[in-house]
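Okay, structure first, notes after.
The values are calculated or read from the model by the stated rules, or taken from the named source; none is laboratory data. Model, not experiment: these values are computed from the prediction. Note that each Cβ is placed from the backbone with ideal geometry, even for glycine, and that neighbours are counted across all protein chains shown. In case anyone asks, the SASA skips ligands and DNA or RNA and just uses the protein heavy atoms, side chains included. Shrake-Rupley method; radii C 1.70, N 1.55, O 1.52, S 1.80 Å.
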Amino acid sequence: MVSITVNGTSHDVDVPDEMPLLWVVRDELGMTGTKFGCGVAQCGACTMHVDGVATRTCVLPVSQAVGKQIRTIESLSTDNSHPVQKAWIAEGVPQCGYCQSGQIMAAAALLQKTKKPTDDQITQAMTNICRCGTYDRIRSAIHRAAGET
Amino acid sequence: MDAPALSRGTFIRLTGALGAGLGLALSFPGCAPSSQSGGKEFSPNAWVRIAPDDTVTVVLNKSEMGQGVATGLPTILADELDASMNHVRTEFAPADPKYGDPGLGGDMITGGSTSIPDSWLPLRHAGATARAMLVAAAAKQWGVDPATCTTREGVVYHQPSNRSASYGSLAATAATLPVPANVPLKTPDKFTLIGKQSRRLDLTGKVNGTTIYGIDVKVPGMVYAAIARSPVFGGRVKSFDATKAKAVPGVTDVVQVSNGVAVVAKNTWAAFQGKNALQIVWDEGPNAKVSTASLFADAERLAKTHQGERIAASRGNPDSISGTVVQAVYRGPFLAHATMEPMNATADVRAGSCEVWAPNQVQLRARAAAAIGSGLPPESCTIHTTYLGGGFGRRLEADYVQEAAEVSKAIKSPVKVMWTREDDIQHDFYRPMSLNVVRGVLSGGDVTALTHQVVQKSWYRDWWPQLVKNGIDPGAMEEVTDAPYAIPNFRATYIDHDHGITAGSWRAPNANWNCFVTESFVDELAHTAGKDPLAFRLALLKHNPRAANLLTLAAQKAGWGRKQQAGVAQGLAVTFWNGSYGAIVADVSMQDKMLKVHRVVAAVDCGTAVNPDIVVQQAQSATNFGLSAALTGKITIKNGRVEQNNFYDYTVLHMADAPSIEVHVVPSTAAPTGIGEVCTPPIAPAVGNAIFVLTGKRVRQLPFNDALA
Ligand code: FES
Ligand code: FES
């Protein structure tokens, strides 16, 4: 039995210690906003905040998430009022949308740390893959949201 | 159902099943009436339903994979209906021939950039007809002449008496009225949404994680499975030992299916672990020795011996023209799609029924696959199409549906079969490799003759055999036979290079490769002739003002011919794709063999831009998709296996390498053509043509990062 705190709620789950947090959250807790894209920390689709840090949870054993604050896309806002969500809508970022939970969580973590990121800082921080090629708009949306978080 | 109404016109009312609302069904000529009606009674397809609460539900017979149909199709209908976009809801159509696209032989296919053009008139007629019925209902209630009523944003107004009624309040009455035939459509100047509506309808769920993709489907009692498939193309299971797999915590079952061995578990991760623990002996079959090198050697032999060569297009006599001869051979790699959402499907097979939830681009073929997998007739199979985490042509296949049905049938439980990224990269239907031999003749600075030989596996042969005539695959000849240039003496030939590597549709098939050849080679000819590549092309496009104007627009916006920053050069290319034109100018630099694409100017002409911002989105998306492949994309084969595994060795474009893309959309009131693909083909040649200016090196093989290394 492992105990983890996701979006402020604590859960006891009966899974092996090495099971990645991503699959615990998706399959065991039934929160599917966070996606699977590669399983090897390459794409960022599985990004959650672990103690405020954008983390690729497909390679994070659940045992390492014990005692930490885990935040998923579901916790950002219920009404799309988070500045990053608002900016994403205003710039018309999503296409298929599959990568966007991860992109948004990565962007939200960046803006927590760096209020007004430069283009270079955005490029450095935003290494998530988008096969629909929404990169231009992700950049614009981060600039738009900057300072509002 | 109201059969007589159908005989009078294209639309019929839906009564009964919809409660008090108005439903309009649309009958496409050539589409079969439903089978249970025995061909007599038409059981219609509901394209639009208007409910008493004012909700306008538009049923989509196309899949939403990012390209924006879930906004575009409702925009078209809602404009003629004069509905408010705030009231519009969408629903994905079930697999049923009634929803087939007559433009695609009645099949349900989301592909080829056909959704908007094929839906343009039917959806406008549906909206206009529904509007006329709502107006008639209001006029009847008020005892006024319908011609004195107006409509706006879901409300009928009668100005003279200052009355108004919402569509929802009129729907029940409207549903009792006869369906008018030949309702006139708006003239473009009356459009309120078409050309204006830019905001996508699917954004909300895509920024808060609530949109349901295939991977997110949950069915009560569902378990999870992963399948070990033959690493060698065409291989089969000889024997397997499941002991270790069954020892993985969470694994509940191991079953053999037609394409491998499935490990069933309580969660996805346990299924993946169990799959890795399987010990399988494969019968590797006939492809065990195949490699990229052997395949290209075969292709070269075919090209040289002209074995099985067919003439796909021919004008004049290219062999007898004398002048400066330029010859070249181009080699294109296999490419995987790598949709962001790996393949998956959820199936629930029971006695007499099979229900499937799958992100797919081909509902009827998915249903046929479910029928094979479940052993039930297609009519007993239901397909629920979810949102797609990317398609790009991969989901025009339904292999993932069949295997999910097989697993569910075997274990007698609903199951989600989930692919790993490795499964996805190694078991794709790849953009086929290609060998293209081109020969041009210049006389007096003009191209007077051109021959283009394509050696490429035909995927239409399996997927769309009725289009393959005389052994010529028209898909394999895209951007060869239909390249926009007028060259007086011309011959295009095709050799179907049959091999065991599965091939399929990949965004803008197969212009995505052939355009690289055509547009690079035209550039070679221009430079050999000592002419400016833009002027040279325009001289060949005198018969095609649309292409010429578009290329000129892109060149002007990009500052073609102006002095560039030190170390930066420009290249350009133009393409024609299923009715639309795209032109691209790329600004490129090279430092220490590091290629950088700084800026792309894209111009597109797709007729009416239904949703202008989605047109821009798609131009950007298609450009980046093509650029990703051009820079690093390649699938290679060794010992019959794909050598790549995941994003670390099948690398794709990241933000760091993504250029800024400026899109110019030609204003037009012509009927719309597609936009999801047209910018994929021209980006690679535009970059290659710039590389030539920078380095003097003509790259005739992709990806660039390999060729330049
Ligand atoms: S799924 Fe975790 S980084 Fe790709
Ligand atoms: S929006 Fe489709 S992968 Fe990013």
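Tell me yes or no: at least one residue of region A:92-108 is at pLDDT 95 or above, surrounded by fewer than 24 Cβ atoms within 10 Å (Cβ to Cβ) and away from ligand 2 (no atom under 13 Å from the Cβ). Yes, some residue in region A:92-108 is at pLDDT 95 or above, surrounded by fewer than 24 Cβ atoms within 10 Å (Cβ to Cβ) and away from ligand 2 (no atom under 13 Å from the Cβ).
Being outside any helix (DSSP H, G or I) and β-branched (V, I, T) is the filter; apply it to region B:111-160 and report the residue that is surrounded by the fewest Cβ atoms within 10 Å (Cβ to Cβ). In this case the residue turns out to be B:T150. Filtered by the rule that a residue be within 15 Å of ligand 1 (Cβ to nearest atom) and touching a Gly at 6+ places or on another chain (Cβ under 6 Å), region A:73-105 gives A:I73, A:Y98, A:S101, A:G102.
Counting just the residues of region A:113-132 that are assigned to a loop (DSSP other than H, G, I, E, B) and facing chain B (nearest Cβ under 10 Å), which one comes out farthest from ligand 1 (Cβ to nearest atom)? Applying the filter and picking the extreme gives A:C132.
For region A:118-141, residues that are more than 15 Å from ligand 2 (Cβ to nearest atom) and open to solvent by 10 Å² or more (accessible area, probe 1.4 Å) total 7.
Against the numbered list (1) within 16 Å of ligand 1 (Cβ to nearest atom); (2) under 20 Å from A:A107 (Cα atoms); (3) surrounded by 16 or more Cβ atoms within 10 Å (Cβ to Cβ), A:V6 comes up short only at (1).
Being modelled with pLDDT of 95 or more, surrounded by fewer than 24 Cβ atoms within 10 Å (Cβ to Cβ), within 14 Å of chain A (Cβ to nearest Cβ) and not in a strand (DSSP E or B) is true of B:D423.
Reported count of residues in region B:647-679, each being touching a residue at least 24 places away in the same chain (Cβ under 8 Å) and in contact with a Ser or Thr (Cβ under 7 Å, 6 or more places away or on another chain), is 15.
Evaluating B:S413 against the criteria (1) more than 29 Å from A:C132 (Cα to Cα); (2) part of a strand (DSSP E or B) leaves one unmet condition, (2). Considering region A:28-43, and only residues there that are under 13 Å from A:T72 (Cα atoms) and in contact (Cβ under 8 Å) with a residue 24 or more places away in the chain, the residue that is most open to solvent (accessible area, probe 1.4 Å) turns out to be A:M31. Only strands (runs of 3 or more DSSP E) whose full extent lies in region B:566-631 are considered here, and the ones with at least 3 residues that are under 30 Å from B:T192 (Cβ atoms) are B:580-591, B:594-605. Just so you know, in region B:54-78 the residues that are part of a loop (DSSP other than H, G, I, E, B) and out of contact with any strand residue (DSSP E or B) (no Cβ under 6 Å at 6 or more places or on another chain) include one that is farthest from the other protein chains (Cβ to nearest Cβ), and it is B:N61. Set side by side, the residues B:Q564, B:Q644, B:Q570 differ, and just one is surrounded by fewer than 24 Cβ atoms within 10 Å (Cβ to Cβ), in contact (Cβ under 8 Å) with a residue 12 or more places away in the chain and more than 14 Å from chain A (Cβ to nearest Cβ), which is B:Q564. Scanning region A:64-75 for residues that are open to solvent by less than 50 Å² (accessible area, probe 1.4 Å), more than 9 Å from chain B (Cβ to nearest Cβ) and either outside any helix (DSSP H, G or I) or basic (K, R) (or both) returns a single hit, A:I70. Kindly evaluate B:V588 against the criterion of being away from chain A (no Cβ under 12 Å) and modelled with pLDDT of 95 or more. Criteria met by B:V588. Looking only at region B:536-565, residues that are in a helix (DSSP H, G or I), hydrophobic (A, V, I, L, M, F, W, C) and within 25 Å of B:T481 (Cβ to Cβ) come to 9 in all. Identify all residues within region B:358-396 that are open to solvent by 30 Å² or more (accessible area, probe 1.4 Å) and either within 16 Å of ligand 2 (Cβ to nearest atom) or assigned to a loop (DSSP other than H, G, I, E, B) (or both); write none if there are none. Residues satisfying the conditions are B:G375, B:L376, B:P377, B:Y387.
Taken as a whole, region A:76-91 holds at least one residue that is at the interface with chain B (Cβ under 10 Å from one of its Cβ atoms), within 16 Å of ligand 2 (Cβ to nearest atom) and free of Cβ contacts under 8 Å to residues at least 40 places away in the same chain.
Only residues that are assigned to a loop (DSSP other than H, G, I, E, B) and either within 12 Å of chain A (Cβ to nearest Cβ) or open to solvent by 60 Å² or more (accessible area, probe 1.4 Å) (or both) were counted across region B:198-220, and they come to 12. Based on this model, can you work out whether B:D649 counts as part of a loop (DSSP other than H, G, I, E, B) and open to solvent by 30 Å² or more (accessible area, probe 1.4 Å)? Against the criterion (part of a loop (DSSP other than H, G, I, E, B) and open to solvent by 30 Å² or more (accessible area, probe 1.4 Å)), B:D649 qualifies. Out of all the residues in region A:9-18, is one or more within 16 Å of ligand 1 (Cβ to nearest atom), open to solvent by less than 30 Å² (accessible area, probe 1.4 Å) and not hydrophobic (A, V, I, L, M, F, W, C)? Looking for residues that are within 16 Å of ligand 1 (Cβ to nearest atom), open to solvent by less than 30 Å² (accessible area, probe 1.4 Å) and not hydrophobic (A, V, I, L, M, F, W, C), one finds none in region A:9-18, hence no. The one condition from (1) surrounded by 19 or more Cβ atoms within 10 Å (Cβ to Cβ); (2) more than 29 Å from the chain's Cα centre (by Cα) that B:N344 does not meet is (2).
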